[in-house]
Amino acid sequence: MGWEESTRQKMLHLKLPTDPRWASIAEMQLENILTDHAYCEQKAASSCISLILRFNDLDELVDTLTPIVAEEWGHFERVLEQIRKRNLKFGFPRKDEYVVELANFVKKGGSRMQQLTEQLLMNALIEARSCERFKLLSVSLDDVELRKFYYELMISEAGHYVTFIELARRYQNPDLVNNRWQEWLAFEADVLENMGVRGDRMH
């Protein structure tokens, strides 16, 4: 089974595909999209660090997330390199309305493992959407180097998505995780539809 087919089965269960116009708009605002992407990688690393510190007694989680922290920060450095070599400006971060909406969907309270599940599923969803959009950029951009760059990151993000889902199933009843995952997918589709096409943002 090829990587693309495997990914479709494992990851592309997103309820709403990205509007095809997004990649074209993103290419016209490359400075903004690369800047936003860099901050997404920084926040991904920070999120994993927060989970490690909060659940430091869960050895498997700590050992699994630690290399992801390094990988996400490595992605940040690589995006910054793409910005610099094109003489673009690394701008200031902006409020990530997409992530704010997802954070508001996190169930408050419950057991410690339920709280962990919510955070892992939110991270998995962000990685899944990122992977989908990296795939669009990898086939749509005129810049050959950036197409290759986003293809490589697409594969990495797919791996992270699977890791977060598997960790959630490790620490919580898999049926409960699967049911909650479907709720997350449905909610994310509504969020994306209400936001419309925003080509200056990665999400």
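Throughout, read-outs are computed from the coordinates displayed, never taken from laboratory work. Please read these numbers as outputs of a predicted model, since none were measured by experiment. For neighbour counting, all protein chains shown are included, and Cβ atoms are generated from backbone atoms with ideal geometry for every residue, glycine included.
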**Prompt:** Relative to the present Cα-Cα distance, how much length would full extension add between Val197 and Leu185 at 0.36 nm per residue of separation?
**Reply:** 2.5 nm
**Asked** Which values, in whole Å and largest first, are the semi-axes of the equivalent ellipsoid of the range 23-195 obtained as the square root of 5 times each eigenvalue of the Cα gyration tensor?
**Response** 29, 18, 14
**Request:** Would you order Val79, Val139, Val197, Val177 from fewest to most other beta-carbon atoms within 10 Å of each residue's own beta-carbon?
**Result:** Val139, Val197, Val177, Val79
**Asked** Any idea how far the Cα center of the range 11-33 sits from the one of the range 39-53, in Å?
**Response** 23 Å
**Message:** Along the charge dipole of the chain, pointing to its positive end and built from +1/-1 on Cβ of Lys, Arg, Asp and Glu, which listed residue (Leu51, Gln29, Asn173) has its Cα farthest out?
**Reply:** Gln29
**Item:** Whole-Hz ³J(HN,Hα) from phi, Karplus 6.51 cos²θ - 1.76 cosθ + 1.60, for the range 16-32, glycine and proline x
**Value:** 10, x, 4, 4, x, 5, 4, 4, 5, 5, 4, 5, 6, 10, 4, 4, 5
**Asked** With each run of n ≥ 4 DSSP H residues scored as -39500 (n - 2.57), what mean residue ellipticity at 222 nm is computed for the chain after dividing by its residue count and rounding to the nearest 500 deg cm²/dmol?
**Response** -26500 deg cm²/dmol
**Asked** For the chain, what relative contact order do you get, as a whole percent, if you take Cα pairs closer than 8 Å and at least 6 residues apart?
**Response** 34 percent
**Request:** At 7 Å along the Cα-to-beta-carbon direction for both Leu176 and Val99, put a label point, then send me their distance in nm to one decimal.
**Result:** 2.7 nm
**Prompt:** In the Gaussian network model of the chain, springs joining C-alpha atoms below 10 Å, which of Glu183, Glu157, Glu118 carries the largest mean-square fluctuation?
**Reply:** Glu183
**Item:** Distance between the range 151-203 and the range 80-121 - C-alpha centres, whole angstrom
**Value:** 12 Å
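If you take every residue apart from Asp19 with its C-beta less than 12 Å away from the C-beta of Asp19, what net charge results, scoring Lys and Arg +1 and Asp and Glu -1?
On the way: positive: Arg21, Arg133, Arg198; negative: Glu132, Glu193.
Residues near Asp19 contribute +1 overall.
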**Cross-link reach list, lysines versus Lys135, counting only Cα pairs under 30 Å and skipping chain neighbours closer than eight places** = Lys10, Lys15, Lys43, Lys85, Lys89, Lys95, Lys148
**Complete:** Under a Gaussian network model of the chain whose springs join Cα atoms within less than 10 Å, the largest fluctuation of Glu31, Glu72, Glu193 belongs to Glu193
**Message:** Expected output is a single nm value to one decimal: the length gained when fully extending between Glu81 and Gln29, i.e. 0.36 nm times separation in residues minus the C-alpha distance. What is it?
**Reply:** 17.0 nm
**Prompt:** By the gyration tensor of its Cα atoms, with a ≥ b ≥ c the square roots of the eigenvalues, what is the shape of the range 126-203: rounded for a/c under 1.5, prolate for a/b over b/c, or oblate?
**Reply:** oblate
**Request:** Would you mind telling me which residue in Leu153, Leu53, Leu14 has the biggest mean-square fluctuation in a Gaussian network model of the chain, where springs connect alpha carbons within a distance under 10 angstrom?
**Result:** Leu53
